[in-house]
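Have a look at the structure below before the remarks.
Here, each number is a calculation from the coordinates, and none is a lab measurement. Everything quoted here is computed from the prediction, not taken from an experiment. When we count neighbours, we look across all protein chains shown, and the Cβ atoms used for this are built from the backbone with ideal geometry, even at glycine.
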Amino acid sequence: MEAIIAKGRMAVTILPDIDAISHEAAGIFIYLSKECIASRGRFAVALSGGSTPKKLYALLASDRYRDNAEWGKIHFFWVDERCVPKESESSNFRVAFDHLISRIAIPDGNIHRMKGEYGPEKAAQDYEDELKNFFGAGLPVFDLILLGMGEDGHTASLFPGSKSLDEKERLVIPVYTEKMNRVTLTLPVLNNARHILFLVSGQSKMLVLNDILADNEKRKNCPAGLIYPVHGDLMWLIDEAAAGKSKQAKS
Ligand code: 6PG
């Protein structure tokens, strides 16, 4: 393992590949779950969609990690969702359900999914109510938020140049895109987490990742570069391909 940046509350760790990232993330998940449950009696986690976290989800459900988590005290939320039925292959809930939730003993009441099938506006309002019911008034404080990053620097469903990046009041907002409508947590909610963990894998992410980690002006154009927790800590787990350290990336 090689930590290339460890300044203040931000740490970047480069690992060989997605397997290593997933094992490291599973270890962090288990460690933080124990710490949060010991101090506050629960562990509230917001999950991402995309393909990168699938291995992590499967690992957490595997014999190696499953019995180390107190699932009855762990609550799953989502950072974003596509406006599709929960059975759809595009559903972020379905990714987590197939790889993790269906394989562990977790109470139904601990699963707080975004109801994408309601359509963007109603699903956003419904989820805002869900968050207020669970966390109370004010900004929610997630114990852990798992994030991924797209090749264009988007994270959750916050896209470059979008007005949603300026949202200061709402906790959850509708997102209208040509391809598929979505619902997403807003920047103030994401940045209010105790711990944020980015998982980034693959050479296609290299250029945008470089802008973000180099902390240059271009960083501000990338939604992922706007993630910096106000009180918490930020961890980036990236693989060698994304870091531009693989043989393929150098050639
Ligand atoms: C989604 C995500 C999104 C994702 C990135 C990275 O709903 O698609 O929440 O923000 O994390 O697009 O996706 P990959 O892991 O597939 O590269």
**OP:** Please report, in debye to the nearest 20, how large the charge dipole of the chain is about its Cα centre when each Lys and Arg carries +1 at its beta carbon and each Asp and Glu carries -1 there.
**Re:** 240
Original post:
Given springs between every Cα pair under 10 Å in a Gaussian network model of the chain, which of Glu121, Glu217, Glu70 has the largest fluctuation?
Top reply: Glu217
Original post:
What do you get for Rg/Rh over the chain if you use C-alpha atoms and the Kirkwood form of Rh?
Top reply: 0.94
Subject >> region 95-100 - phi-based ³J(HN,Hα) in whole Hz, Karplus 6.51/-1.76/1.60, Gly and Pro as x >> reply: 4, 5, 5, 5, 8, 10
Original post:
Which FRET efficiency value, to the nearest 0.05, do you get for Ser88 and Val141 by plugging their Cβ-Cβ distance into 1/(1 + (r/R0)^6) with R0 = 41 Å?
Top reply: 0.85
Original post:
Could you put Tyr31, Tyr57, Tyr65 in order, starting from the residue whose Cβ has the fewest other Cβ atoms within 10 Å?
Top reply: Tyr31, Tyr65, Tyr57
Subject >> Modelled FRET efficiency - R0 41 Å, Tyr31 with Ala214, Cβ distances, 0.05 increments >> reply: 0.90
Original post:
Gain in length, Arg64 to Asp166, computed as 0.36 nm per residue apart minus the alpha-carbon separation, to one decimal in nm?
Top reply: 32.5 nm
**OP:** For a label point 7 Å from the Cα of His231 along Cα→C-beta, name the residues of region 132-170 whose backbone N is under 14 Å from it.
**Re:** 136-144
